[in-house]
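First comes the structure, then the notes that go with it.
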Amino acid sequence: MKKRIWLILATCATLPFAASVQAQSTYTFTSFDVPFASASNTRAFDINARGDIVGRFFDSSMNGIPRTFHRYNDGTYATPIDAPVPNTGTVARGINSRGDIAGKYFDPKYPSEAHGFLLTAAGAFSGFDVNLPDAIPGQFGSTIANGINNLGMVVGDYTAYAAVPGCVGIFGLPRGFLRNTNGTYTELSFPGAIATIPAGIDDAGNIVGTYITVPNPPSACNATALATANGFIRDANGNYTTVDPPASAGALETVVTRISDAGDIIGVYSTVQTTLGQVFGDSAIPAGVAGAYFVRSADGSFNTVPSPFSVPGQQGPLGINPRSTLVGFYTDGTGDHGFIATK
């Protein structure tokens, strides 16, 4: 539901598991589904240091639109969260230790486009759109908030005018932003990339996410072009470093989804190269493609994360807190289900 002029983007990849990077960590998985009547398809996106979890579910009593859930660390739930403005769905993507929540809501006028939002623990709601000069406004533009730190700094991506080397024309592609605590924006673009998707930020100002490149000239100037996704970390001084599994893993695509305040980074990799349409598609990296979810610890070691409940298909962790607790979702014959994974 994040339609671009040219491509479709899903910030958090879903991918089945395969061979380990170096070792496979041992976790205890606990499944959960939101308990609201008419709710289905629970996906957990983030967890804070207290153990509070946010994500989305579909509500059949509201035409199946996505709504936000906030699950407290004792297993109870807040009232479902909806943007207090006209919308066709509200999805939380990040939560900090204060309980501030960041995410997106969909525009009823342009249903495939999104606006970012910040909901403070005190209940103050702010919708926002990136106003940088290259941002595409209106029906072809989106602002999506993906992560928030304990200082209230938000990262995400917006649709921007972009050139693709070797192709004629200007395209709408995702570019990263940092929303500072005073409401101003800083552009985030990995050098040489055609697209940058920040996903998380820690309290030190380190930002992680994914950047996309294509050969020059590309194999095509449309969604069938071969593309490469790599993870990155941007330090507080603005320096970018690629974050990928070790070469021995054979990773050709890497998507990074979160960083904890302990310095642990979580992501997913594929051992098969994909196209732009697949990298930016609703499943990001297609089901059936070999790869694995991983945790890169603060000391630089990589470990894969086992498949939750050994269910085949699209599944895996998307969030991590300083205690190394993971959250995410798995999909079986009845739909999506959230999970918590502890060591």
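The values are calculated or read from the model by the stated rules, or taken from the named source; none is laboratory data. Predicted, not measured: the structure shown is a model, and the values here were computed from it. Cβ coordinates were reconstructed from backbone atoms using ideal geometry, including for glycine residues, and neighbour counts include every protein chain displayed. Side chains are part of the model used for accessible areas, which takes the heavy atoms of the whole protein and leaves out ligands, DNA and RNA. Shrake-Rupley method; radii C 1.70, N 1.55, O 1.52, S 1.80 Å.
In terms of the Cα gyration tensor, with a ≥ b ≥ c the square roots of its eigenvalues, is the stretch 102-196 rounded because a/c is under 1.5, prolate because a/b exceeds b/c, or oblate? It is oblate, given that a/c is not under 1.5 and a/b is not larger than b/c. Charge tally for residue 176 (other residues, Cβ to Cβ under 10 Å; Lys, Arg +1; Asp, Glu -1): 0. Using C-alpha pairs below 8 Å separated by at least 6 residues, the relative contact order for the stretch 76-122 is 29 percent. Neighbours of residue 42 by Cβ distance under 14 Å: Lys/Arg scored +1, Asp/Glu scored -1, total -1. Taking only the C-alpha atoms of the stretch 38-123, Rg followed by Dmax gives 12.4, 38 Å.
By the helix-only formula, in which each DSSP H run with n ≥ 4 contributes -39500 (n - 2.57) and the sum is divided by residues, the chain has a 222 nm mean residue ellipticity of 0 deg cm²/dmol. For Cα pairs less than 8 Å apart in space and 6+ apart in sequence, what is the mean separation divided by the residue count of the chain, i.e. the relative contact order in percent? Computed value for the chain: 21 percent relative contact order. Taking the 1.4 Å solvent-accessible surface of the stretch 115-265 as the whole, the part contributed by carbon and sulfur is 54%.
The Cα atoms of the stretch 132-182 give a gyration tensor whose axes a ≥ b ≥ c have a/c of 1.5 or more with a/b greater than b/c, which makes the shape prolate. Residue by residue, the stretch 194-210 carries 3J(HN,Hα) couplings of 8, 8, 9, 10, x, 10, x, 9, 9, 6, 7, x, 6, 10, 10, x, 9 Hz when phi is fed to the Karplus relation 6.51 cos²θ - 1.76 cosθ + 1.60 (θ = phi - 60°); x denotes Gly or Pro.
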